[in-house]
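The values are calculated or read from the model by the stated rules, or taken from the named source; none is laboratory data. The structure presented is a predicted model; accordingly, all values stated were derived computationally and were not measured. Counting neighbours? That spans all protein chains shown, and the Cβs are built from the backbone with ideal geometry, glycine included. Remember, those area values only see protein heavy atoms, side chains included, never the ligands or the DNA or RNA. Shrake-Rupley method; radii C 1.70, N 1.55, O 1.52, S 1.80 Å.
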Amino acid sequence: MSFFEVKELNLSFGGVRALRGISFQVAQGELFSIIGPNGSGKTTLFNCINGLYQVDRGELLFQGQAIQGKRPDQVARLGIARTFQNIELFPQMNALENILVARHLSIKYGFFRSGMMWGPHSLVAQEERLHRKKVEEIIDLLELQSVRHLPVATLAYGIRKRVELARALALEPKLLLLDEPSAGLNAEEKEELRFQIHDIRTVLGVTILLIEHDIKLVMEISHHILALDFGKPIIVGTPEVVRTHPEVMRAYLGE
């Protein structure tokens, strides 16, 4: 059984076939990348995986369970989180608050149940300490200590992207969807991102599905790659195989 699998996925918008026969498998613990020009269907595929779009045909299997047709919150509860190409944070809140927001899916005790016991040893107090402990671990991992109490609207673009990544990790995902994480970053920030992605995989044990335009970065950190063109798969393979494929070389590598 594959950790995550896409089988013959098809999606149309009116007369436009956005995804056509997409199939691939992702092993637990690996980094699987999706490349392609703008409009090739990469983000559309992510939107299908996390429940924003409902597919026409095909299957999405996460740890053997079919997830097509589920709502985004249901997908998140199963252990799939994502970041977005355009940063989706609450600008009036500080970095810590933005990260804590993601913990709402993990809340176990409602108002009436937790209200039966107050004080530092109450159920709700214990749960809050647990949530904050998880968030503190992520803040340390992504080196966000210095900006934790600053409104995200005041932060540099690269730091805001790191806060969004931290918020996704606060869901404690098993599978993390990263949509263009290096977009808008300078060379130094991209190098930091490379180390952060490595730590997310090795320290937290998270499997990563990555959309990325930086071909050099993709080739260096990926185990396997899917190349798309106009919603149709060109090839799935290792970086060495994809790099030398004639259509990929022509479409994506400028040859």
- prompt: Could we say that Gln28 is over 21 Å from Glu212 (Cα atoms), open to solvent by 40 Å² or more (accessible area, probe 1.4 Å), polar (S, T, N, Q) and in the same structural domain as Glu180 (by the TED database) here?
  reply: no
Candidate set: region 197-216, residues that are over 19 Å from Leu142 (Cα atoms) and open to solvent by 10 Å² or more (accessible area, probe 1.4 Å); chosen: the one farthest from the chain's Cα centre (by Cα): Lys216
task: Write out, first by first residue and then by second, each pair whose Cβ atoms fall under 8 Å of each other, whose residues are 6+ apart or on separate chains, and whose first residue, in region 79-104, is free of Cβ contacts under 8 Å to residues at least 60 places away in the same chain while the second is of a type outside the set (A, V, I, L, M, F, W, C).
output: Met93/Pro151; Asn94/Arg148; Asn94/His149; Asn94/Pro151; Leu96/Arg148; Leu96/His149
Candidate set: region 52-67, residues that are part of a loop (DSSP other than H, G, I, E, B), open to solvent by 60 Å² or more (accessible area, probe 1.4 Å) and without any contact (Cβ under 8 Å) to a residue 60 or more places away in the chain; chosen: the one farthest from Arg82 (Cα to Cα): Asp56
